[in-house]
Amino acid sequence: MDVVAAALVGSVLGNALFVLGLALLAGGLRHGRITFSAAANRIYATQLMLGIAALIIPFLATQPGAPDVGRAEELSAFVAIVLLILFAVSVPISLRLKADAPGTIKSKEARADEPEAAAHHEPPALLPTLVLLGGSAASAAFVADWFVEALEPAMGAIGISEAFAGLIIVAVAGNAIEHLAGVTAAWKNRGDLAMSLILNSTLQVVLFLAPVIVLLSFFVAPVPLTLVFDPLLLGTLAVTGLLVYMMVVDGEANAFEGAMLLGLYAIIGAAVWFGPAIGT
């Protein structure tokens with residue numbers, strides 16, 4: 001299992017299962033339930049399922065007997081470009097959804113009446129944001145491999161597999177700040193902010209980070225990274241996307257739903273723990 005592919009999938013699982021599970025568990029235990037915009041988060045969850053479907057298709061299309069056997073690189077590049085186009089289209093929609101969310105300033109008149117508040121709610125400039133995301137994508141693959149290589153002696157000594165390192169350790173360590181922000185928002189009963197932070201972070205991996213890394217790998221990597229991922233990774237993504245959609249569709253969640261997400265994350269971690277240890 002490629003470490004970079006595992007780290008990408010691990011980032012999705014870390015946000016959609018681990019962080020969202022912690023957020024719902026913490027907020028639910030403190031407030032009984034967490035409420036949020038069903039319409040906005042249903043769109044986010046649908047985007048996530050679409051992105052996951054786009055990651056599954058290259059695997060299905062390149063299996064023996066399938067129409068694209070031997071064309072994994074070409075198909076992966078095409079899928080990556082489509083995902084980037086979808087991401088570009090989704091950005092203004094996401095900004096509009098945030099502007100219409102409870103607690104935000106929704107009209108020009110309101111912005112004129114409250115100039116200071118309006119300044120705090122202005123979205124960041126799009127181009128610098130995309131450049132920053134692109135830079136993050138360019139370094140993510142190198143960081144994942146470097147991180148695992150640096151920890152390889154210790155991981156080999158205690159029997160941690162390469163799959164577990166990429167899927168769990170690299171992903172959790174790389175998203176620590178986002179984890180804290182999402183859980184803190186839920187603890188303060190700010191459901192829309194918590195869901196926006198967590199689901200948008202997940203979407204950025206699926207719709208932007210993964211395709212950018214795939215396209216960059218054609219120029220900087222000895223062997224291009226394709227979107228033909230391990231079946232276990234694809235299966236966990238499919239189950240995660242479905243479960244997240246079912247939990248956000250009604251606009252509220254509780255601590256038990258958070259516990260279920262964490263339980264699934266633990267099961268996935270156990271499934272990859274028993275692989276061959278690094279260095280064996």
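The values are calculated or read from the model by the stated rules, or taken from the named source; none is laboratory data. Keep in mind that this is a model prediction, so the values were computed, not measured. Cβ placement follows ideal geometry from the backbone for every residue including glycine, while neighbour counts extend to all protein chains displayed.
Values as computed for the structure displayed
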item	result
Residue within the stretch 62-76 that is touching a residue at least 40 places away in the same chain (Cβ under 8 Å), over 17 Å from the mean Cα position of the chain (by Cα) and under 20 Å from Gly241 (Cα atoms) present	no
Residue check, Leu197 modelled with pLDDT of 90 or more and either surrounded by 19 or more Cβ atoms within 10 Å (Cβ to Cβ) or in contact with a Lys or Arg (Cβ under 6 Å, 6 or more places away or on another chain) (or both)	no
Residue list for the stretch 222-269, restricted to those being part of a helix (DSSP H, G or I) and among the acidic types (Asp, Glu)	Glu257
Residue that is surrounded by the most Cβ atoms within 10 Å (Cβ to Cβ), among those in the stretch 56-89 that are on the phi < 0 side of the Ramachandran plot and outside any helix (DSSP H, G or I)	Thr62
Any hit, the stretch 54-63, residues being polar (S, T, N, Q) and closer than 18 Å to Leu203 by Cα	no
Where a residue in the stretch 239-252 is free of Cβ contacts under 8 Å to residues at least 12 places away in the same chain and under 16 Å from Ala194 (Cα atoms) and its partner, wherever it lies, is part of a loop (DSSP other than H, G, I, E, B) and hydroxyl-bearing (Ser, Thr, Tyr), with Cβ under 7 Å and at least six apart	none
Residues of the stretch 24-48 satisfying the condition of being closer than 14 Å to Ala253 by Cα and among the hydrophobic types (A, V, I, L, M, F, W, C)	Leu24, Leu25, Ala26, Leu29, Ile34, Phe36, Ala38
Members of the stretch 169-224 that are within 14 Å of Gly21 (Cβ to Cβ) and of a type in the set (Val, Ile, Thr)	Val172, Val183, Ile198, Thr202
Failed item in (1) of a type outside the set (S, T, N, Q); (2) farther than 15 Å from Ala45 by Cβ; (3) out of contact with any helix residue (DSSP H, G or I) (no Cβ under 6 Å at 6 or more places or on another chain), with Val239 passing the rest	(2)
Some residue of the stretch 195-204 being under 14 Å from the mean Cα position of the chain (by Cα) and without any contact (Cβ under 8 Å) to a residue 40 or more places away in the chain	yes
Matching option when the condition is under 24 Å from Leu216 (Cβ atoms), in contact with an Asp or Glu (Cβ under 6 Å, 6 or more places away or on another chain) and at pLDDT 90 or above, among Leu75, Leu24	Leu75
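Quick grid of which residues meet (1) in contact with a Gly (Cβ under 9 Å, 6 or more places away or on another chain); (2) among the polar types (S, T, N, Q); (3) in a helix (DSSP H, G or I); (4) over 18 Å from Phe87 (Cβ atoms):
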site	(1), (2), (3), (4)
Gly10	yes, no, yes, yes
Leu24	yes, no, yes, yes
Ala40	no, no, yes, no
Thr46	no, yes, yes, no
